[in-house]
Each structure stands twice: as C-alpha cells, then as structure tokens.
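Trainee: Here's a structure for you.
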Amino acid sequence: MNNTIIDLQLPLSPEQAGSLKLGDLVTVSGLMFTGRSRFHIRAVNEDIVPPLDFSTVNCFFHTGPVMRKTAQGWETVSIEPTSSIRFEKYSGQVIRKLGIRTLIGKTTMGPDTAAALKEVSGVHLSKIGICGNMLSNQVHKVIDVFFLDELGKTEATWLIEVEQFGPFFVDIDAHGRNYFSELKQLTESRKPEAYQNLHISADFEYTDVNG
Amino acid sequence: MIPVSLLEEVMYESMRRAAVYMPSDVTLFLQKALEKEHEPLAHEHLAATLRNADMAGKGKGLICADTGFPLYFITADQHTEIEGGFSSLWKAARSAVIRATEENFLRPTMVDPISRKNPGNNLGKAIPAIDLSFIDTDMHTGSLEIIAAPKGGGSEIFGTFYRMMYPADGREGILKFIYDSVIESCYAGKVCPPAIVGVGIGGTADICMHMAKKAAVLRPIGSRNTDKDTADMEMLLEKAFLDADIGPMGAKGTYAVMGVHIEKEVTHTAALPVAVNAQCCIGRRWKATVRDDLKVTYSGDFYE
C-alpha cells in the first residue's frame, strides 16, 4: 500500500482514473451527489434522476447522511459511507446511463459494476474505518437537496461540495480489478486449515433432509 | 415508584449517550488491536474508527451515522414499580426515540418494508424494540436497568445467519456454520469488522436468534460463557478468526473479530438450531440504572 494520499479533482478525468492502483489512498475535491437504494431503483425502473449535469457532478457518494437544518440552511452532522454492494443489481446500469466515473461507498461492488467502471474508465473508492464525523468536517457546502419530501432525509439526494474529502482507498480500479475479490481468494485458501483447527473433518456435510 | 417523566428522560439520555460515546471495552479492544495490527490498511481502519469515536465524544458528530434499529434491553426485579405500570416502558421508549431523532442523535432510518415510506421518527409497531427481563433477587431491590443499543445496519443486515441443523451435525456443524457465516459477513467489511460475534445454540428459532443478539450486544468483550465446553468453542473460534487473514473492515489483517460469545438453551431432541448475530466494531450500547430512590447512573462500562 502506498501511504501518500493523492487528492483527486472532481470530475475525475478518465486518464487520472486509469492511473489509480488498487489500495491507493485518495481524497477528492469538488462536487458530488448522494444516494442509496431508492436512487438506484428509481433511476433504472422509473427513469427518475435529479436534474443535475452529470458531466460536472460526476461523483456518486453512497450514503445517507445525518442532516440538521439551521437558520443558514442544511448542515451535515455525520456522513458515513453506506454499503455499495447492496446496489449491485442496478449500479452498472446507473453508471452507463449517467456516465459516472467516481463511486464512493463502503464495502465494494460486484462484477457488473467493475465492468461498467472499466467501460467509462472509472473507480470505486471504499471508506477507511468509521469516518462520518471527519468526512462531515470536509463538507465545504450543502448546495441543494432533491426528493426530500418523497424520500426523507436519509434517501434524498444531497448535492454537496467537498474539499480533500477522505481518505478512501481504491478497491475497484478502472481496469476491472477488485481489491476485495483478490483478497477473498486468500481467505478461501485459509479455510481447509481453519476447519482442521476447528476439528471439522474434510468431508463434513450438513444433514440433507430434502433427499 | 419511577415516574414516567423520569423514564422518558433516562431512555432518551441512554440512547443519546449510546449514539455519541463508545463503550470502554470496545475502545480498549480497538486500541490494543491498533498496536498489534501491522497491515497498513487494516491499521488505518482502526485508527480512523477510534478518531471518529473521539470526535463524537467531544460533540462533533456520532459514533456512526447509521444509528440503525433502536433497541432497548431492560431488566427489572420483583420490587420495581413504574408509574402507570410496565406498559409505560413502551410509551416512554417511543417518546425518547422521537426526541433523539428530532435532535439528530438518531438518523431517521426505519421505513415500511414494502412501500419503503419513511415516517421520519424511527417508530413502528414494535420499534423501538424492548426486551424486558425480570430477575428475582434481593440485591437490586426496586431498581430498573435500561440498556439502549442503536444497532447499525451493517451488523444486522450482513451479520445475521440462521440454520436448523440436526443432532448428527453436532459440534462440527456448529463450528463450520459459525466460521463460514462470519467470514462471509466480513467480506469487504460488510459487517464493519472487527465484529462481536453473538451465537445462539438451541431453543426455538426466535429464542435462538435472540440469544445470539443479546450475546453480541450485551456481553462485555473478553467475557466467557460459564459452561466450560461452550467457552472452549468460543476460544477455538476466536483463534481461528485471528488466523483467517481478514481484518478490520475486511482488509487483509488480523482482527476481524473482537470476541465470540456463545449462549445455549435446551432444544427439541430432534433439532440443532444455530444462529449468528453480529455487532459491529463500534459496539454501541449505553446503560442507565434507575434506583428505587430515583437516583440515576449512566455507564458505558459493561465489566461491572
């Protein structure tokens, strides 16, 4: 792992996306929008997306922030990345439809998202630890909110401007590689020895009651 | 007699504290793991989580923005008296959760499962959930212990497993099911490792899962089941997870698990139900004790 943190200007250029390696630590600066399950389902099934120019607002942050309304407007209390893997069913379609090149979230995503990111030359960035308070401090401005009445504060789309937001690490690069699926091969390879240490016989099978 | 107004205040305050303070056993574990975790990414995950909790404790946010399912675990004894009877607990819990949500200590997260509509107050028919137990003792006369545990989505969604096994599957089946479930839940940091792994063995399906949940949420890290055979399984599994090459937030590392807590109950002679329910790395829970003289104490120390 390279310990220097690279600050990425949003929207991320295809060239810069292509240069990022798995495990790179990055921050991002610029505009991003938020969304989670409802965003994905509505974008694909109902063709409902917020009225944004996605060529400039090109970073999709998977989160449901805790928001507080003040006399000056909305502010973030804490903004924690949520598990991106839950959106795998629709994410590839959203990336292709909107041309999204930066995804930020928790966990990782699956093969279709990785393929879509490769097509648009984009990356998925995964969070470091529990970090919602630090990220909240790096939100420069809450610019707008969409679908607040229909979806509520957690699922609404927030348009925010951030400065050196992160760090995150590159878990899916623009070439289709995934940090976690590569690590999974290692974890799987450890299983036979773990079973042995747990005194589980190599040929153990659960009782089958369905013939 | 404990007045409803005090009950509302204590249930709100325990939930608020759970949302902003990390319990001491969790902090201690994460600090020790940080010293020993040499994989750079795994190390960073732990350092960030501790920094984040520190900020929350100083009034700059929440331990985690996903405040999840609002749960209360309440213990009374044979002398505990509550104004309006024990049903006041449910009323007080609802008003406490409404207030904590309005004040942004709880995120409005609870939605209708089908329509996905969000009422914005985290209330449902059985949410906030109350687990009420009674102890018959002369030691705690008339007191009420309330533990507030906002349980995050990562742990509840990705860390819940149940399997009905059979007597022939035995100990091998139990250990394999727990090991495989936990490794799956830690993939890519889904369950937010290092996790506290709660396991229930026996009972009915719901008793089994409830044991697992209470073992994950309530037992202090490092505690052992008093039954030697069960404690041996806990230690054997903890050792196996240390050797699994998976660590904090699913990165390559050592500490994917803070502890394995197993509870058991008698079950049907034909059955071997096993449930896993994990708690995430922030181990959110805070305890309030209301004595019969109405003195209230709050504590995040679960060792006492």
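The values are calculated or read from the model by the stated rules, or taken from the named source; none is laboratory data. Please read all numbers here as calculations on a predicted model, not as lab measurements. Every residue, glycine among them, receives a Cβ derived from its backbone with ideal geometry; neighbour counts consider all protein chains shown. For the accessible areas, the whole protein counts, side chains as well, though only heavy atoms, and no ligand, DNA or RNA atoms are used. Shrake-Rupley method; radii C 1.70, N 1.55, O 1.52, S 1.80 Å.
Trainee: Can you tell me what share of the DSSP beta bridges in chain A is antiparallel? A percent to the nearest 5 is fine.
Mentor: Here the antiparallel bridges make up roughly 60 percent for chain A.
Trainee: Using helices alone, I'd like the mean residue ellipticity at 222 nm for chain B: each DSSP H run of four-plus residues gives -39500 (n - 2.57), total over residue count, nearest 500.
Mentor: -12000 deg cm²/dmol
Trainee: Quick one: of the DSSP bridges fully inside chain B, what percent are antiparallel, nearest 5?
Mentor: In chain B, approximately 65 percent of DSSP beta bridges are antiparallel ones.
Trainee: Take each of the peptides B:122-128, B:133-139, average the number of other beta-carbon atoms within 10 Å over its residues, and list them starting from the highest.
Mentor: Per-residue mean Cβ counts within 10 Å order the peptides as B:122-128, B:133-139.
Trainee: What average number of partner chain Cβ atoms lie no more than 10 Å from the Cβ of the residues making up B:166-178? Please list the in-between numbers first.
Mentor: On the way: counts 4, 1, 2, 4, 2, 3, 8, 5, 2, 7, 9, 1, 1.
Per residue, the number of nearby Cβ atoms from other chains is 4 on average.
Trainee: Return one number: the angle in degrees, 0 to 90 and rounded to the nearest 10, between the long axis of the Cα atoms of helix B:4-20 and the longest principal axis of the Cα atoms of chain B.
Mentor: 30 degrees
Trainee: Expressed as a whole number of Å, what is the distance separating the alpha-carbon centroids of the range A:29-83 and the range B:20-84?
Mentor: Centre-to-centre distance over Cα atoms comes out at 27 Å.
Trainee: Hey, what angle do you get for helix A:111-120 against the long axis of chain A, alpha-carbon based, 0 to 90 degrees rounded to 10?
Mentor: Helix A:111-120 sits roughly 40 degrees off the main axis of chain A.
Trainee: In peptide B:107-115, what is the residue-averaged number of other protein chain Cβ atoms found within 10 Å of each Cβ?
Mentor: Mean shielding by partner chains, rounded to a whole number: 3.
Trainee: Sticking with this one: For A:Y90, what accessible area in Å² do you get when you roll a 1.4 Å probe over the heavy atoms of the protein chains, rounding to the nearest 10?
Mentor: That residue has around 40 Å² of solvent-accessible surface.
Trainee: Quick one: the Cα spread of the range B:154-279 along its three principal axes, in angstroms, biggest first?
Mentor: The Cα atoms of the range B:154-279 stretch 41, 28, 27 Å along the principal axes, largest first.
Trainee: Summing +1 for each Lys or Arg and -1 for each Asp or Glu, what net charge is found among the other residues whose Cβ lies under 13 Å from the Cβ of A:E119?
Mentor: After counting each charged neighbour, the total is +3.
Trainee: Which lysines have a Cα less than 16 Å from the Cα of B:K91, not counting those fewer than 8 places away in the same chain?
Mentor: B:K125
Trainee: Also, quick follow-up: Taking K and R as +1 and D and E as -1, what net charge do the other residues with C-beta under 13 Å from the C-beta of A:I200 add up to? Before the final figure, lay out the partial values.
Mentor: Details: positive: A:K191, B:R171, B:K176; negative: A:E193, A:D203, A:E205, B:D169, B:E172, B:D180.
Surrounding charge for A:I200 is -3.
Trainee: How big is the Cα convex hull of the protein assembly as shown in projection, averaged over all directions, in nm²?
Mentor: In nm², the orientation-averaged hull projection of the protein assembly as shown is 24.8.
Trainee: Rounded to the nearest 500, what is chain A's calculated 222 nm mean residue ellipticity when only DSSP H runs of at least 4 contribute -39500 (n - 2.57) each, over all residues?
Mentor: Taken over chain A, the calculation gives -9000 deg cm²/dmol.
Trainee: Using alpha carbons only, how many degrees (0 to 90, rounded to 10) separate the axis of helix B:205-217 from the longest principal axis of chain B?
Mentor: Roughly 90 degrees, rounded to the nearest 10.
Trainee: Per-residue mean of other chain beta-carbon atoms within 10 angstrom of the beta-carbon, peptide B:49-56?
Mentor: Numbers: counts 4, 2, 5, 11, 3, 1, 7, 4.
Mean shielding count: 5.
Trainee: Starting from the Kirkwood Rh over alpha-carbon pairs, what translational D in µm² s⁻¹ does the range A:86-192 have by Stokes-Einstein at 10 °C and 1.306 mPa s? Spell out each step's value before the answer.
Mentor: Numbers: Rh = 15.5 Å.
Using the Kirkwood radius from Cα pairs, D works out to 103 µm²/s.
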